[in-house]
Amino acid sequence: MKRITKIVVTGGPCGGKSTALERIKEEFCAKGYTVLIVAETATELISGGVAPWTCGTNGQYQMCQMKLQLEKERVFELAAGTMPQENILIVCDRGLMDNHAYMTEEEYFESLKFIGMTEQEAFGEYAAVFHLVTAAKGAERFYTTANNTARTETVTEARALDEKTVSVWEAHPYHRIIDNSTDFNGKMDRLIQEIDRFLRSTQTTE
């Protein structure tokens, strides 16, 4: 029976998402999954010149970002449905709720209205959410903005954004936080273990 599972890998700035996505693809392809990666929409837009500071307002930018993000995910779901493989894992580099951390409540609900969704429907888009804590909390000497041209946050700002990102996802029924209590390799191992545990749990409940 065909099974398409969509999850989110999110986190604070410099949390390790880029490395995590590579590890997820490697590990779960080896376990028999077809892994599809939906790239981070904010980085694509900002690198292309579409940003909160180039659009008319931050709210207008967020509408563009959420619209593109949802459309990209729909395309990946459509493509996954055409593939012959039985187990397909769609991994989103950030999800719809991440945008909430970067706007006011009014902008957030206007953006949801713009894409035709309620907050509950937006949460329901994803089977599970895995948050990688920013290096600015517990691994400060590794925090950098050099590896992402769209990242400009200071250590203090990164910590605040990390906390906001946790808070906007905390109502999701399957939300796991991967901290910096081990070295980076250990952090990646714990992420893989958490995703594996989740996927196994969905198999046993079917």
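For the stretch 15-26, the condition of being of a type in the set (Lys, Arg), under 30 Å from PHE142 (Cα atoms) and modelled with pLDDT of 95 or more holds for at least one residue.
Filter the stretch 128-137 for residues that are aliphatic (A, V, I, L, M) and in contact with a Phe, Trp or Tyr (Cβ under 7 Å, 6 or more places away or on another chain) and give the result.
Start the filter on the stretch 128-137 by keeping residues that are aliphatic (A, V, I, L, M), which leaves 128-129, 132-133, 135-136.
Once the filter is applied, which keeps residues that are aliphatic (A, V, I, L, M) and in contact with a Phe, Trp or Tyr (Cβ under 7 Å, 6 or more places away or on another chain), the stretch 128-137 yields ALA128, VAL129, ALA135, ALA136.
Take the residues in the stretch 28-42 that are buried (at least 16 other Cβ atoms within 10 Å of the Cβ) and within 18 Å of the chain's Cα centre (by Cα); name whichever of them is modelled with the lowest pLDDT. Give the derivation first.
First, pick out the residues of the stretch 28-42 that are buried (at least 16 other Cβ atoms within 10 Å of the Cβ): 28, 33-38, 40-42.
From the residues that got through so far, the ones that are within 18 Å of the chain's Cα centre (by Cα) too are 28, 35-38, 40-42.
On the way: PHE28: 98, VAL35: 98, LEU36: 98, ILE37: 98, VAL38: 98, GLU40: 94, THR41: 95, ALA42: 91.
If we take residues in the stretch 28-42 being buried (at least 16 other Cβ atoms within 10 Å of the Cβ) and within 18 Å of the chain's Cα centre (by Cα), then ALA42 is modelled with the lowest pLDDT.
Within the set THR54, THR10, THR5, the sole residue that is in contact with a Gly (Cβ under 8 Å, 6 or more places away or on another chain) and not in a helix (DSSP H, G or I) turns out to be THR10. A single member of MET103, MET63 is at pLDDT below 95 and more than 21 Å from ARG3 (Cα to Cα), and it is MET103. Checked against (1) within 18 Å of VAL8 (Cα to Cα); (2) of a type outside the set (Gly, Ala, Ser); (3) touching a helix residue (DSSP H, G or I) at 6+ places or on another chain (Cβ under 8 Å), VAL75 passes all but a single condition, namely (3).
The values are calculated or read from the model by the stated rules, or taken from the named source; none is laboratory data. A quick note: this is a predicted structure, and the numbers were derived from the prediction, not measured. Here Cβ is always computed from backbone atoms with ideal geometry, including for glycine, and neighbour counts include all displayed protein chains.
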